[in-house]
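Working notes for the structure below.
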Amino acid sequence: MRLNTPRIPPVEPANWTEEQSQALGMDIEKLQANIGSPNQIFNIVKTLIRYPALFKAWLGFANHVMFDSSLAPRDREIVILRIGWLCQSGYEFGQHIIIGRDAGLNDGEIKAIAEGNTAANWSEAEQALIQATDELHADAFISDVTFAKLQEHFDEKQIFDVIFAVGQYNMVSMALNSTGVQLDEGIPNYHAFVGR
């Protein structure tokens with residue numbers, strides 16, 4: 001974690017205003033049900049809800065990237081974990097250790113996310129996903145060579161979903177890191193998990 005305490009503290013649900021409660025709507029139920037925590041309100045939600053209009057606008061997009069993407073869940077999680085690692089977002093990477101396991105990644109593969117596309121764990125398609133994520137993070141652009149590799153394995157919608165997943169989780173990592181959102185109970189510390 002970049003910060004040991006929040007710069008913007010989370011608001012517990014008992015203290016939410018009517019506007020904050022309404023900003024959640026049905027989308028939060030979908031979010032929680034799909035990540036196996038129907039009774040837990042995560043610190044990211046309790047922090048971002050401080051700005052209800054922004055939260056509500058963001059949540060629809062976030063739900064598309066997580067739940068309605070054309071990418072297979074395993075591929076989506078490779079991209080999300082890699083951008084979380086590149087952004088050194090302890091909260092994001094920690095949350096997606098658990099979600100990545102549910103999507104079919106084993107712990108060795110999740111640890112190899114830190115190594116990048118040269119790790120022995122990855123297929124050609126997965127190497128292309130990691131390389132595309134690295135290039136988008138470094139230069140906001142996928143090179144011709146990497147784009148061609150993506151096209152060998154993914155269709156047009158899937159390539160859009162790669163780009164938008166990287167953008168979404170880069171943005172979320174910036175928010176988490178800068179506001180100091182702290183790990184929820186039961187979420188692994190990513191440096192301890194990866195061993196770096």
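The values are calculated or read from the model by the stated rules, or taken from the named source; none is laboratory data. Given the structure is predicted, the values throughout are model-derived calculations rather than measurements. Note: ideal-geometry Cβ built from the backbone for every residue, glycine included; neighbour counts use all protein chains shown.
Among the residues that make up the stretch 183-191, is at least one of them in a helix (DSSP H, G or I) and either closer than 14 Å to residue 83 by Cα or at pLDDT below 95 (or both)? Quick ask: steps written out before the conclusion?
Initially, the stretch 183-191 is screened for residues in a helix (DSSP H, G or I), giving 190-191.
Remaining after also requiring either closer than 14 Å to residue 83 by Cα or at pLDDT below 95 (or both): 190-191.
Yes, the stretch 183-191 has at least one match.
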Only listed residue being more than 20 Å from residue 180 (Cβ to Cβ), surrounded by fewer than 20 Cβ atoms within 10 Å (Cβ to Cβ) and at pLDDT 95 or above, chosen from 106, 63, 39: 106
Every residue from the stretch 1-36 that is at pLDDT 90 or above, under 16 Å from residue 172 (Cβ atoms) and buried (at least 16 other Cβ atoms within 10 Å of the Cβ): 10
Test: residue in the stretch 139-156 that is aromatic (Phe, Trp, Tyr), under 14 Å from the mean Cα position of the chain (by Cα), under 18 Å from residue 77 (Cα atoms) and buried (at least 18 other Cβ atoms within 10 Å of the Cβ): no
Residue in the stretch 153-176 that is among the β-branched types (Val, Ile, Thr) and farther than 25 Å from residue 55 by Cα present: yes
Meets criteria (out of contact with any Cys (no Cβ under 7 Å at 6 or more places or on another chain), surrounded by 22 or more Cβ atoms within 10 Å (Cβ to Cβ), among the basic types (Lys, Arg) and in contact (Cβ under 8 Å) with a residue 40 or more places away in the chain) for residue 82: yes
Filter result for residue 149 (of a type in the set (Lys, Arg) and either assigned by TED's automatic domain parsing to the domain that holds residue 47 or touching a residue at least 40 places away in the same chain (Cβ under 8 Å) (or both)): no
Every pair of residues 6+ apart whose Cβ atoms lie under 6 Å, when the first sits in the stretch 57-73 and is touching a residue at least 24 places away in the same chain (Cβ under 8 Å) while the second is surrounded by 15 or more Cβ atoms within 10 Å (Cβ to Cβ) and among the polar types (S, T, N, Q): 65/168; 70/158; 71/158
Among (1) out of contact with any Pro (no Cβ under 8 Å at 6 or more places or on another chain); (2) in a loop (DSSP other than H, G, I, E, B); (3) in contact (Cβ under 8 Å) with a residue 12 or more places away in the chain; (4) not aromatic (Phe, Trp, Tyr) - the single one residue 120 does not satisfy: (3)
